[in-house]
Amino acid sequence: MRIFTEKMKEVLASVLPVTLFVVILHFSVTPLTGMQIGQFLLGAFLVLTGLSVFLVGVDLGATPIGRHSGRVLVNTGKLPLLLAGGLLLGFLISVAEPDLQILASQVQQLTSASITKWQMVIVVSIGVGILVMVGFWRIIKQV
């Protein structure tokens, strides 16, 4: 229960300012109907609860697996394989990033397609992959 309370405090630090801002706007600039403000407050409560439960799950399930897997991978001594994995992981995560897709589409429009969406996505993703690989190397070598 202690971990849930800690996670709830973390999430509250993010959700409360937005909630207070909307409530202040409700009472000052843009009044909402009772139904709208009620739905908003219910939604804020559900975000607080759901995100807290999710983060507890991450801490109890995924984090220990990640720590164990990381230790095992580093202890295998296969540095080139680990670095290649970091490069691939960084590249694929970046390619899948929706914000990068949107930015690349906007760049394509603004440059009249002299820089295409996929050119930008690929170049940025290669850079992210390289930097993840360098980050892995620095962590392993303690540089």
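A short reminder: the numbers here are calculations on the coordinates, not readings from a lab. From a predicted model like this one, the values you see are computed outputs, not experimental measurements. So basically every Cβ, Gly included, is an ideal-geometry build from the backbone, and we count neighbours across all protein chains shown.
Structure data summary
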read-out: Inter-part distance where segment 98-143 and segment 64-90 are each reduced to a Cα centre, Å; value: 22
read-out: Net lengthening on full extension, Lys9/Ile139 (0.36 nm per residue, minus Cα-Cα); value: 43.8 nm
read-out: For Glu97, Glu10, order by how many other beta-carbon atoms lie within 10 Å, fewest first; value: Glu10, Glu97
read-out: Normalised contact order of the chain, rounded percent, pairs of Cα under 8 Å and 6 or more residues apart; value: 22
read-out: Binned Cα-Cα distance frequencies in the chain - 5 Å width, integer %; value: 2, 9, 11, 10, 10, 11, 14, 14, 10, 6, 3, 1, 0
read-out: Whole-Å semi-axes of segment 59-143's equivalent ellipsoid (Cα gyration tensor); value: 32, 15, 9
read-out: Mean Cα-pair separation over length for segment 1-75, i.e. relative contact order, pairs under 8 Å, 6 or more apart, %; value: 47
read-out: Helix 117-141 axis, angle to the chain major axis (alpha carbon atoms, nearest 10°); value: 70
read-out: Using alpha-carbon coordinates, inclination of helix 63-75 to the longest axis of the chain, degrees; value: 10
read-out: Structure-based [θ]222 nm, the chain - -39500 (n - 2.57) summed over DSSP H runs of at least 4, per residue, nearest 500; value: -28500 deg cm²/dmol
